[in-house]
Amino acid sequence: MRSATLSEGAVIGQRLPPFQALVDEHRSALYRYLVASVGYHDAADAFQETMLAALRAYPGLRHGGNLGGWLFTIAHRKVIDAGRAGARRAVPVAEVPEPPRPAATEKGGDRHHELWAAVRLLPPKQRSAVVLRHVAGWPYAEVAAVLGCTPEAARQSVRVGLARLRIETRRSGTAEEGP
Amino acid sequence: MIIDDELANGPRPDADRRGEDEAVRAFTERALADGLVDVAYATVDSPIGALLVAGTGAGLVRVAFSGEEPGHVLDELAARLSPRVIEAPVRLDPVRRQLDEYFEGRRKAFAIAIDWSLASGFRRLVLQSLFAGVGFGETVSYRELAVRAGSPRASRAVGSAMATNPVPVVVPCHRVLRTGGALGGYGGGLDVKRRLLSLEGALPS
């Protein structure tokens, strides 16, 4: 479904599936995207807000093409809004700590925590690009559709975001390749 | 570990499933509370198989037998009523309870509002007449039902109204037989029709 794009004439007039089908198909990927973007604590709220906004707008869609991309575009905007609201609250703490988890006492757990904290602190566009590309495994064309940019710009956002993560968390990485 | 692999494994995979279920549950609850669910549906287990039941703000709009493909039933609801179709069992609790009681022989009449949107014109008229006028344990012929609906010669049209009944079991098309007592047809299969009539003590000999 995600491979269809808005410009394809064939999808115009395609009927909207029951909203529950959209929830069932995308819930896992969307939840993972939100946990990666805003952290475990705020992911449930962000999920609820994304889905409610989508459900509210759903009957007004003119066709059922690329509904997954549409849903993640809403999620991407919610994440940006949440970041702005957080900045406005101006709490002098750079980052709300995650609750301790059993593995967090081990070295590996700390390393894991450090990586995802760094992901959340990326600029929104780079963060969404990295998460959609590397957590969700999307092709660049679809990442670009969500970010509202060209595939080349999406590739660049991923490249810059990854480079930043590698430096900040002192990790190695493979060369960025793929569609 | 290479950063790409670590990212692909996702954040906190141990907690993902539980958190995800909770997030979906909270979304569904809020969607219901905010009036954003136009069609709610659930699956109800019964002695005649799993029934898919769907309701709107106006009432029960669809009952589908287990032989019908749920995906098709839901697609049809989305196309004909509204694409805001959400699985929300809590919204169908009264229907589930009354169906349970009916199949246990403890309920003779359904106190459930019906949304007739999926039946139109003469078909709707016939189904409404059937729902209001033919009670538990009674049977009626296609011709008699045509008379009651005010079109004595329309027994064939009554037959197609029964065949396309969107709310079977609750709107009791199983109580409609051929003149002389032959079973006629049934959307859920003749075994189901026989079983429902037998439950009601109305199986023709």
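For the list (1) in a loop (DSSP other than H, G, I, E, B); (2) in contact (Cβ under 8 Å) with a residue 60 or more places away in the chain, I need the number of the one condition that B:R195 fails.
Here B:R195 clears every test but (1).
Looking at the stretch A:57-78 only, could you name the residues that are assigned to a loop (DSSP other than H, G, I, E, B) and modelled with pLDDT under 90? It would help to see each step written out before you state the result.
Looking only at the stretch A:57-78, we keep the residues that are assigned to a loop (DSSP other than H, G, I, E, B), and these are A:61-62, A:64-66.
If the condition is that a residue be assigned to a loop (DSSP other than H, G, I, E, B) and modelled with pLDDT under 90, then A:R62, A:G64, A:G65, A:N66 are the ones that fit.
How many of the residues in the stretch B:127-177 are on the phi > 0 side of the Ramachandran plot and surrounded by fewer than 18 Cβ atoms within 10 Å (Cβ to Cβ)? Steps first, please.
Here is the first cut: in the stretch B:127-177, the residues on the phi > 0 side of the Ramachandran plot are B:137, B:150, B:169.
Pick out the ones that are also surrounded by fewer than 18 Cβ atoms within 10 Å (Cβ to Cβ) and you get B:137, B:150.
Here the count works out to 2.
Does the stretch B:118-140 contain any residue that is at pLDDT 95 or above, outside the structural domain of B:T179 (by TED's automatic domain parsing) and β-branched (V, I, T)?
Scanning the stretch B:118-140, I find no residue that is at pLDDT 95 or above, outside the structural domain of B:T179 (by TED's automatic domain parsing) and β-branched (V, I, T), so the answer is no.
Does the stretch B:57-74 contain any residue that is among the hydrophobic types (A, V, I, L, M, F, W, C) and facing chain A (nearest Cβ under 10 Å)? Even if it seems obvious, please write down each step before you answer.
Keep residues of the stretch B:57-74 that are among the hydrophobic types (A, V, I, L, M, F, W, C), which gives B:58, B:60-61, B:63-65, B:73-74.
So of that shortlist, the ones also facing chain A (nearest Cβ under 10 Å) come out as B:73-74.
Yes: the stretch B:57-74 contains one or more residues that are among the hydrophobic types (A, V, I, L, M, F, W, C) and facing chain A (nearest Cβ under 10 Å).
Here are some residues: B:L74, B:L60, B:L51. Which one is in contact with a Ser or Thr (Cβ under 8 Å, 6 or more places away or on another chain) and crowded, with 19+ Cβ neighbours inside 10 Å? Reasoning before the result, please.
Values: B:L74 fails: in contact with a Ser or Thr (Cβ under 8 Å, 6 or more places away or on another chain); B:L60 fails: in contact with a Ser or Thr (Cβ under 8 Å, 6 or more places away or on another chain).
On inspection, the qualifying residue turns out to be B:L51.
Please work out which residue is farthest from the other protein chains (Cβ to nearest Cβ), limiting yourself to the stretch B:26-47 and to residues that are closer than 19 Å to A:A57 by Cα and in a strand (DSSP E or B).
B:A40
Taking the criterion of being at pLDDT below 95, more than 9 Å from chain B (Cβ to nearest Cβ) and more than 24 Å from A:A46 (Cβ to Cβ), would at least one residue in the stretch A:110-120 satisfy it?
Within the stretch A:110-120, one or more residues are at pLDDT below 95, more than 9 Å from chain B (Cβ to nearest Cβ) and more than 24 Å from A:A46 (Cβ to Cβ).
Please enumerate the residues belonging to the stretch B:83-134 that are within 14 Å of chain A (Cβ to nearest Cβ) and part of a helix (DSSP H, G or I).
Initial filter on the stretch B:83-134 (within 14 Å of chain A (Cβ to nearest Cβ)): B:83-89, B:91-92.
Result: B:P89, B:R91, B:L92.
For B:R18, only one of the following conditions fails: (1) within 9 Å of chain A (Cβ to nearest Cβ); (2) at pLDDT below 95. What is its number?
The failed condition is (1).
Looking for something assigned by TED's automatic domain parsing to the domain that holds B:L81, in contact (Cβ under 8 Å) with a residue 60 or more places away in the chain and not aromatic (F, W, Y) - is there at least one such residue anywhere in the stretch B:4-22?
No - not one qualifying residue is present in the stretch B:4-22.
Taking the condition of being more than 20 Å from A:G137 (Cα to Cα) and either in contact (Cβ under 8 Å) with a residue 40 or more places away in the chain or facing chain B (nearest Cβ under 7 Å) (or both), how many residues in the stretch A:41-64 meet it?
Of all residues in the stretch A:41-64, those more than 20 Å from A:G137 (Cα to Cα) come to A:41-42, A:44-46, A:48-64.
From what's left, either in contact (Cβ under 8 Å) with a residue 40 or more places away in the chain or facing chain B (nearest Cβ under 7 Å) (or both): A:41-42, A:44, A:48, A:51-52, A:55-56, A:58-59, A:61-64.
Selection size over the stretch A:41-64: 14.
Filter the stretch B:136-164 down to residues that are among the β-branched types (V, I, T) and without any contact (Cβ under 8 Å) to a residue 40 or more places away in the chain and give me whichever is farthest from B:V63 (Cα to Cα).
Looking at the filtered set, the residue picked out is B:V147.
The values are calculated or read from the model by the stated rules, or taken from the named source; none is laboratory data. It should be emphasised that the depicted structure is a prediction, and the values quoted were computed from it without experimental measurement. Ideal geometry is used to build each Cβ from the backbone, glycine not excepted, and the neighbour counts take in all protein chains shown.
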